[in-house]
Amino acid sequence: MIGLLLRRLLVVGPVLLAASVLVFALPRLVGVDPARAVLRARSAEAVPDPATEARLRSSLGLDAPVTEQYLRWLGGVLRGDLGYGYVARTPVAGQIADAATVSGLLAVLALALAAVVGIPAGVYAARRPGGALDRFLGLGTVAGVAVPEFVLAPWLVLVFAVWAGALPALGWGDPAHLVLPVLTLAAYPGALAAQLVRAETAGVLTRPHVLVARAKGLGEHRVLWRHGARLATTSVTALAGMFVAGLLGGSVVVEVVFGIPGLGRLLHRAVVAQDLPVVQAGTLLVVAVAVVAGVLVEVLATALDPVLRSAGSR
C-alpha cells in the first residue's frame, strides 16, 4: 500500500508543473494583457495612457521574455508569494487563504452530510430491490441529481428563510448560516452516492461469497455491511476526490446566492474584474487539491477493495 501511495505521489509533481504552465499562460491564451488589466482595474479607463502602460509593464516585469516571467511567477508561488490583487491591492495569498478556508468548511460539511445520508440509504434500498424504500429512494435521488443548485438554493431560501423564518437567507459568521448552503451543496453528491451504492450493493449481494456467508448463518445486518457495503463504497470513494475539488472551486452559485465569502465567489469576482493574480492562484489551488485528493481517494479505494489491493501490490 505504501508503495502504491509513493508511485501515485510521484506523478503529482509533473502534473502540477504542467498545470502551472497552463495557468500562467491562461491570460495570454484568452487574449488578456496583464498590464491593461491592471490599469482597467485601477482607473476603469477603456484606452489607457501609453506612457503609463509602458511604465507599468516595466515595473511588473512584463517586458521580460515569457520564460523569465514564468520562472519568476513560479518561484513566487513556491515561496507562497502570489503577488497583489489588481482590485483589492492586498496580498493574493491572504485573499485565497481566507476564501479557501470558508469554501473548505462548506465542502467538508457537505461531503460529510452526503456520505452520512447517501451511503446508508443506498445500502438499505439494495436489501429489497423494487421495494417501497427502493422506489422512494429512486425518486428522491433522481430529483437530487437533476435539480441544479441555482434552482434548489432559491427554493430553500424561500421555504426555510422567507416562509418559515427559521434560518437566515444570507450572511456568514453564525452556525445557522451554514445550514442552507450545506444542504444545497450536499444534494447532488448525496443523491449520486445513494444511486451508486444502491446499484453496487445490489450486485455484490448476489455474489457467491455473500451467499456462502448467509448459508453459514451470518446475520443479515453483518452480511449487508461487511460483505455488501464495504465493496460498494469503493465506487463512491473514488468519486470523493472529484467532489472535493468541485465543491471547493465550483460552488460559485451557492456562495453568490447566500452571500458567502468563499473561493467560488472570489474567483467569480476576479474573473469579471480580470484580476489575473487572484484567478491564477485560485485556479492553481483548485487543480492542486483535485490532484492530491484524487491520489488519496485512489489509495483509500484500493485499501477498501481486496481485489484492487491485490492488483496494486504486484
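The values are calculated or read from the model by the stated rules, or taken from the named source; none is laboratory data. Given the structure is predicted, the values throughout are model-derived calculations rather than measurements. Neighbour counts are summed over all protein chains in view; Cβ atoms, including those assigned to glycine, are modelled from backbone coordinates with ideal geometry. Protein only, heavy atoms only, side chains kept; ligands, DNA and RNA dropped before computing areas. Shrake-Rupley method; radii C 1.70, N 1.55, O 1.52, S 1.80 Å.
Structural remarks
- Answer residue from region 249-287, given it is among the small types (G, A, S) and within 16 Å of the chain's Cα centre (by Cα) and is nearest to A35 (Cα to Cα) among those: A281
- Scanning region 41-69 for residues that are buried (at least 17 other Cβ atoms within 10 Å of the Cβ) and at pLDDT below 75 yields A41, P48.
- Qualifying residue in region 162-178 (condition: free of Cβ contacts under 8 Å to residues at least 40 places away in the same chain and at positive phi): yes
- Residue within region 62-72 that is under 17 Å from L284 (Cβ atoms) and touching a Phe, Trp or Tyr at 6+ places or on another chain (Cβ under 6 Å) present: yes
- The set of residues in region 70-107 being in contact (Cβ under 8 Å) with a residue 24 or more places away in the chain, of a type in the set (V, I, T) and either in contact with a strand residue (DSSP E or B) (Cβ under 6 Å, 6 or more places away or on another chain) or open to solvent by 70 Å² or more (accessible area, probe 1.4 Å) (or both) consists of V87 alone.
- Only one of A166, A110 that is open to solvent by less than 80 Å² (accessible area, probe 1.4 Å) and in contact with a Phe, Trp or Tyr (Cβ under 7 Å, 6 or more places away or on another chain): A166
- One residue from G203, G190 being open to solvent by less than 30 Å² (accessible area, probe 1.4 Å) and not β-branched (V, I, T): G190
- All helices (runs of 4 or more DSSP H) inside region 238-314 with 2 or more residues being small (G, A, S) and modelled with pLDDT of 80 or more: 263-273, 276-304
- Of all residues making up region 149-158, the number that are without any contact (Cβ under 8 Å) to a residue 12 or more places away in the chain and open to solvent by less than 80 Å² (accessible area, probe 1.4 Å): 2
- Pairs where the first residue, in region 115-144, is open to solvent by 40 Å² or more (accessible area, probe 1.4 Å) and the second is modelled with pLDDT of 90 or more, C-beta under 6 Å, 6+ apart: V117/G190
- Region 210-224, subset open to solvent by 80 Å² or more (accessible area, probe 1.4 Å) and of a type outside the set (K, R), residue nearest to I119 (Cα to Cα): H221
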